[in-house]
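Comments concern the structure below.
The values are calculated or read from the model by the stated rules, or taken from the named source; none is laboratory data. All values reported here derive from a predicted model rather than from experimental measurement. Neighbour counts run over all protein chains shown; Cβ positions are idealised from the backbone, glycine included. When the accessible area is computed, the model is the full protein with side chains, heavy atoms only, and any ligands, DNA or RNA have been set aside. Shrake-Rupley method; radii C 1.70, N 1.55, O 1.52, S 1.80 Å.
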Protein chains: 2
Amino acid sequence: MKIAILGGDGFCGWPTSVHLSAQGHDIHIIDNLSRRWIDTELGVQSLTPMDSIQERCRIWKQVSGETIHFHLLDLSKEFERLKQWLATHKPDAIVHFAEQRAAPYSMKSDRHKVYTVNNNVNATHNLLAAVVESGIDAHIVHLGTMGVYGYSSVGAPIPEGYLDVEIDTPSGKKEQEILYPTRPGSVYHMTKSLDQILFQFYAQNDGLRITDLHQGIVWGTHTDQTARHEQLVNRFDYDGDYGTVLNRFLIQAAIDYPLTVHGSGGQTRAFIHIRDSVRCIELALSDAPKSGDRVKIFNQMTETHRVRDLAELVAKIAGARIAYLPNPRKEAAENDLIVQNDKFLALGLEPTTLAEGLLSEVVDVARKYAHRIDRSRVPAVSAWTKDLAARVEQDPEGTAIRSVS
Amino acid sequence: MKIAILGGDGFCGWPTSVHLSAQGHDIHIIDNLSRRWIDTELGVQSLTPMDSIQERCRIWKQVSGETIHFHLLDLSKEFERLKQWLATHKPDAIVHFAEQRAAPYSMKSDRHKVYTVNNNVNATHNLLAAVVESGIDAHIVHLGTMGVYGYSSVGAPIPEGYLDVEIDTPSGKKEQEILYPTRPGSVYHMTKSLDQILFQFYAQNDGLRITDLHQGIVWGTHTDQTARHEQLVNRFDYDGDYGTVLNRFLIQAAIDYPLTVHGSGGQTRAFIHIRDSVRCIELALSDAPKSGDRVKIFNQMTETHRVRDLAELVAKIAGARIAYLPNPRKEAAENDLIVQNDKFLALGLEPTTLAEGLLSEVVDVARKYAHRIDRSRVPAVSAWTKDLAARVEQDPEGTAIRSVS
């Protein structure tokens, strides 16, 4: 297949691009490189030294013999160029990762909120309107998030996108299937909830074929393909904005930094390894809906864990200590989370679990590049409200910042 | 109260501004005048001759002695100016009409879809982020639409925003109250569905006090205040994009144009007179939610009618004929619609119904200004898909265009 990977330079986009390229697909990355600009804005960098996208594509050609094309294009701003690109290249499928994807970044300030909404909503909507207008029949696979569900379970497993409910009517109870009610917990998660409504409309009005993947928190860094050459290494974010919880614990352990747990750590979250994430994209591409079908929704996760349990597990493996800090997020202190993921299992996904020794692989990556870590950027200091900001712990290590040895 | 009316130059915004000004409120209109630019783009104009907003404010001062302030500002693009304005003026309440509000315009072309999403989502989100950042405690009253519900009823009256459902859980049925599942039928309606999610998040995360009014189709033109001087007259759209169904029938009757019914006319819609609309805004302002409350949602409509029944009613009153045309919209040919509007009735709304002779008032307005009508702009030609566009009737009168006498 000819596949356009929107946001193919990012943390999920790059390993997906090389994974699908290795399988013989014709891969075209479209990216505005905004994630690299945000690195520059924040003054942080990937733990792993990351070459330019052009250089990565050159190395990939050397290693695999396969060509990955790169097109610099801003989805959210360049509607006409996007439309022309689609009409010219006529991809069979489009994988859409091209959104600002960090909840803490989306909550840093009013400017970041405005940027995230403007960028994400326009990127998704421009894509949908351009696909309709160009008349192509591409299957669109979108990376959503478990966070659209919110993290309050009603005591039943969260189904894959759609919920059966009963409604009282004058003629008795009536069954109805609805989109699972959305309750996002950050501006970033909110934009993914907005995306759901955009998809619903364009599937219904224009018969677009859309798959929405509600992904859990991704951990790990290597896939089989990114591991083939040092310069193909995936990005690895350890900072308080873009680093995600499990990877952050592993890196904190590697540099003898306290494992920073927010609140009681009673938050339960869904997880998936980056290897499974790219495999899920492959499976979703192989199982496209037909025109006229409703949006196909998968829960893209393999296990759930309570944050403090993860911290304790990592502390035990790596001999780290845990620091319980005030929570900068506005969220429930404790929540249960039970999630259905039957659809990917049925398609053949074999989950990579935490139990499989891969935790130490991440600790090894972290130790290898520990000299690149700015310890002052490890704490998560982006707060959900001004009141919460006043309580944020800026320096969990205390005033004595130790050097990385 | 000091009240900011965003979009105060528009069809609902202007009569609301003078209505609230007449009651002694300090009114500040904020508008980018986009609706006037769209008139220019489309080459159509309000049936009623409409002065500039500055001139209207001058006449209002003459007539009433009250001052209405006007500020030219684009909500969707000028976030910093908006924030400064709010911090300086500290309004007690903000009425938000400032969105592109025509479904057919939103579906005219890809450019119009992209404009509508970009404009409406950013306008609403910028407002919310700016209110949070400026730290004011203004009550936000937003004009939404009945169209967020979609027009498929499950056999029970559509409640005011929230729906009680039962969900199966391993420990038995569980009751839950959810936002009524959204199923918008156009890009315009879709943006109002997106707004709902924005409101839910900002009410929850930041304690913003928000009222969302799900309005039916507005008909009529005069209110007590706009009727006080010829130059205070409200705008009146008769064209296929901005004209709405009942007002269009009335104008078609006035100029001996066939009443254009789309499909079987089996669509049931909710209606409200412009007099009641401004009164509802007043009532909503008097009944603000507290910080921390969920979004307060009202159904702002007074009666429902099937489109063909309205056509027959107008045909009988005015001696017009009916033309059944292919439907340019993608929608159910027939639908039932039962809507709860108990909350406004409880606050004292006394509905102005079709039965009250006001239909002829609109016909009188139409006859008075009939010389300003371009008959070629009466048909609704904006189609929801390319397939539907091929079937649109461009000239319901036949090739012989008669002059307006």
Next item on the list: Go through the residues of region B:334-349 one by one and say whether even a single one is open to solvent by 20 Å² or more (accessible area, probe 1.4 Å), in contact with a strand residue (DSSP E or B) (Cβ under 8 Å, 6 or more places away or on another chain) and either over 28 Å from B:T211 (Cβ atoms) or of a type in the set (G, A, S) (or both).
Entry: yes
Note to self: I'm checking my understanding of the structure. Among residues of region B:36-48 that are open to solvent by 30 Å² or more (accessible area, probe 1.4 Å) and either out of contact with any helix residue (DSSP H, G or I) (no Cβ under 9 Å at 6 or more places or on another chain) or of a type in the set (D, E) (or both), which one is farthest from B:S376 (Cα to Cα)?
What the structure shows: B:W37
Next item on the list: Evaluate the following for B:A370: is it surrounded by fewer than 15 Cβ atoms within 10 Å (Cβ to Cβ), in contact (Cβ under 8 Å) with a residue 12 or more places away in the chain and not acidic (D, E)?
Entry: no
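Just the residues that are among the aliphatic types (A, V, I, L, M) and closer than 23 Å to B:Q23 by Cβ, please, taken from region B:50-80. If you could, list the steps in order and put the result at the bottom.
At the first step, the residues of region B:50-80 found to be among the aliphatic types (A, V, I, L, M) are B:50, B:53, B:59, B:63, B:68, B:72-73, B:75.
Selection gives B:I53, B:I59, B:V63, B:I68.
Quickly run through region B:1-36 and pick out the residues that are acidic (D, E) and either assigned to a loop (DSSP other than H, G, I, E, B) or in contact with a Lys or Arg (Cβ under 8 Å, 6 or more places away or on another chain) (or both).
Listed by number, the residues that qualify are B:D9, B:D26.
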Next item on the list: Kindly indicate the residue of region B:70-82 that is open to solvent by less than 40 Å² (accessible area, probe 1.4 Å) and in a helix (DSSP H, G or I) and also nearest to the other protein chains (Cβ to nearest Cβ) among those meeting that condition.
Entry: B:F79
Next item on the list: Only one of these is under 19 Å from B:P181 (Cα atoms) and among the charged types (D, E, K, R): A:E133, A:E160. Name it.
Entry: A:E160
Notebook entry, point to check: Looking at region B:91-115, which of its residues are more than 9 Å from chain A (Cβ to nearest Cβ), in contact with a Lys or Arg (Cβ under 9 Å, 6 or more places away or on another chain) and part of a helix (DSSP H, G or I)?
Noted result: B:A103, B:P104, B:S106
Check: Quick check: is even one residue across region B:353-372 more than 26 Å from B:E282 (Cβ to Cβ), touching an Asp or Glu at 6+ places or on another chain (Cβ under 9 Å), of a type in the set (G, A, S) and in a helix (DSSP H, G or I)?
Finding: no
Margin query: open to solvent by 10 Å² or more (accessible area, probe 1.4 Å), farther than 22 Å from A:G8 by Cβ and in contact with a helix residue (DSSP H, G or I) (Cβ under 8 Å, 6 or more places away or on another chain): is that true of A:D309 in this structure?
Written below: no
Notebook entry, point to check: Can you spot a residue in region A:122-130 that is open to solvent by 20 Å² or more (accessible area, probe 1.4 Å) and at the interface with chain B (Cβ under 7 Å from one of its Cβ atoms)?
Noted result: no
Check: Could you give every pair whose Cβ atoms fall below 6 Å, whose first residue belongs to region A:176-205 and is facing chain B (nearest Cβ under 8 Å), and whose second residue is among the basic types (K, R) and assigned to a helix (DSSP H, G or I), counting only separations of at least 6 or pairs across chains?
Finding: A:V187/A:K113
Check: Under 6 Å by Cβ, and 6 or more places apart or on different chains, what pairs join a residue from region B:338-351 that is of a type in the set (F, W, Y) with one that is open to solvent by 30 Å² or more (accessible area, probe 1.4 Å)?
Finding: none
Check: Right, B:R329: open to solvent by 80 Å² or more (accessible area, probe 1.4 Å), in a loop (DSSP other than H, G, I, E, B) and either among the hydroxyl-bearing types (S, T, Y) or at pLDDT 90 or above (or both) or not?
Finding: no
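Determine which member of the set A:H189, A:H139, A:H112 is open to solvent by less than 10 Å² (accessible area, probe 1.4 Å) and either under 26 Å from A:L345 (Cα atoms) or within 21 Å of the chain's Cα centre (by Cα) (or both). First the steps, then the outcome.
Numbers: A:H189 fails: open to solvent by less than 10 Å² (accessible area, probe 1.4 Å); A:H112 fails: open to solvent by less than 10 Å² (accessible area, probe 1.4 Å).
It is A:H139.
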Check: Quick one: in region A:157-175, which of the residues that are more than 7 Å from chain B (Cβ to nearest Cβ) and of a type in the set (G, A, S) is least open to solvent (accessible area, probe 1.4 Å)?
Finding: A:G161
Notebook entry, point to check: Out of all the residues in region B:316-325, is one or more among the β-branched types (V, I, T), out of contact with any strand residue (DSSP E or B) (no Cβ under 7 Å at 6 or more places or on another chain) and open to solvent by 20 Å² or more (accessible area, probe 1.4 Å)?
Noted result: yes
Item checked: Subset of region A:61-109 (residues that are of a type in the set (S, T, N, Q) and over 23 Å from the mean Cα position of the chain (by Cα)) -> A:Q62, A:S64, A:T67, A:Q84, A:T88
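Out of region A:210-234, which residues are charged (D, E, K, R) and buried (at least 23 other Cβ atoms within 10 Å of the Cβ)? Quick ask: steps written out before the conclusion?
To start, the set of residues in region A:210-234 that are charged (D, E, K, R) comprises A:212, A:224, A:228, A:230.
Scanning region A:210-234 gives a single hit, A:D212.
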